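Questions regarding the structure given below will be posed in turn.
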Amino acid sequence: MMNDFSFIAVSVENQIGWIELNRPKVLNAINRPMVSEIVSAMEAFDRDDEVRVIVLSGRGRAFAAGADINEMADAGTVDMELINQFAEWDKISLIKKPVIGAVHGFALGGGFELALSCDMLFAAEGTEFGFPEVNIGVMPGAGGTQRLTKLMGKTKALEWLWTGERMPAKEALHYGVINRIIAPELLMEETMKFARKLAAKPPLSLRLIKEAANKAVDYPLHEGMQFERKNFYLLFSSEDQKEGMKAFIEKRNPKFKGK
Ligand code: CAA
């Protein structure tokens, strides 16, 4: 479909759309065009019926060592405001299909923020996470202070945000920042295995579950439950709901169509 990317590589197999960050010489430092490419690829996968799950990983030694420092070093406040680069990052959270991050090596700064914008994270043993922005006179700007705090709680998050030190994968796992730690040589295999498991589920259920779970992060319980209920009712106009329940009653495996 779309192989004219400069900073990422994309492919589709087994209903999984795979995006790989592809600037290995600079540890996949995320420049602005790379973010636009990630967003374009994700949006295309989101609309593509052949794709049910999106996987994001990085080529080379690391997932991503941060936003591209060279691109920002000379910028002023007004430049940053006018470029409005994070508007592009924000689009990642509008993707409806499951997005699974498979990270290894380093996920630092913007690289950690990109990882945190995935729905689930699988990490290779030895992966180091962190927000080193404080060491270069700034702070996270693509959701780091918000997403990490919502996951770990404020006291733990501040420790990492203030010191800029690297968080070992075990700590990330302990605090629910990542889903699991995998031997490096098995990272992609295990991630794809999990992605295939999701790809076999009814896609509309997956997307409405994602939407409702995301509301739980921001909404008070009552509003979240109202939202959940509407999505639950909505699924009763899908063919997959009829098929799923009929198959159960007929004691056979369902065939889901995503409709
Ligand atoms: N931007 C630009 N280039 C980067 C980069 C980044 N964030 N991270 C690494 N690179 C480049 C290095 O400059 C180096 O390039 P050269 O070979 O041309 O010198 C190449 O990638 C390899 O890196 P190192 O030689 O430094 O590799 P290492 O193994 O010795 O160290 C590292 C690895 C500890 C991750 C180190 O590269 C590092 O500290 N990187 C910067 C981390 C950082 O500060 N990230 C935050 C960026 S700011 C941000 O992300 C803001 C935001 O919220 C959006």
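Laboratory data are not the source of any read-out in this text; all were calculated from the coordinates shown. Nothing here was measured: the structure is a model prediction, and the numbers come from that model. FYI the Cβ positions are ideal-geometry reconstructions off the backbone, even for glycines, and counts take in every protein chain you see.
Give me the residue from the range 93-117 that is within 13 Å of the ligand (Cβ to nearest atom) and surrounded by fewer than 22 Cβ atoms within 10 Å (Cβ to Cβ) and, out of that set, nearest to the chain's Cα centre (by Cα).
Among those residues, the one meeting the criterion is 117.
Also: Sort out which residues of the range 19-44 are within 17 Å of residue 96 (Cα to Cα) and either touching a Phe, Trp or Tyr at 6+ places or on another chain (Cβ under 9 Å) or within 16 Å of the ligand (Cβ to nearest atom) (or both), and write them in order of number.
Answer for the range 19-44, where residues must be within 17 Å of residue 96 (Cα to Cα) and either touching a Phe, Trp or Tyr at 6+ places or on another chain (Cβ under 9 Å) or within 16 Å of the ligand (Cβ to nearest atom) (or both): 19, 38, 39, 40, 41.
Just name the residue that is nearest to the ligand (Cβ to nearest atom) out of those in the range 125-151 that are in contact with a strand residue (DSSP E or B) (Cβ under 6 Å, 6 or more places away or on another chain) and touching a residue at least 40 places away in the same chain (Cβ under 8 Å).
132
Return the only residue of 258, 224 being surrounded by 12 or more Cβ atoms within 10 Å (Cβ to Cβ), closer than 11 Å to residue 205 by Cβ and of a type outside the set (D, E, K, R).
258
Something else: Please name all residue pairs, on different chains or six or more residues apart, with Cβ atoms under 7 Å, provided the first residue is in the range 166-178 and is assigned to a strand (DSSP E or B) and the second residue is surrounded by fewer than 23 Cβ atoms within 10 Å (Cβ to Cβ).
Correct list of pairs: 167/128; 168/128.
To continue, here is another question. Please specify each residue of the range 67-107 satisfying the condition of being more than 14 Å from residue 31 (Cα to Cα), aliphatic (A, V, I, L, M) and touching a helix residue (DSSP H, G or I) at 6+ places or on another chain (Cβ under 8 Å).
Hits for the range 67-107 are 92, 95, 99, 100, 102, 103, 107.
Only one of these is farther than 23 Å from residue 89 by Cα, buried (at least 16 other Cβ atoms within 10 Å of the Cβ), in contact with a Lys or Arg (Cβ under 7 Å, 6 or more places away or on another chain) and of a type in the set (A, V, I, L, M): 169, 199. Name it.
199 is the lone residue from the list that is farther than 23 Å from residue 89 by Cα, buried (at least 16 other Cβ atoms within 10 Å of the Cβ), in contact with a Lys or Arg (Cβ under 7 Å, 6 or more places away or on another chain) and of a type in the set (A, V, I, L, M).
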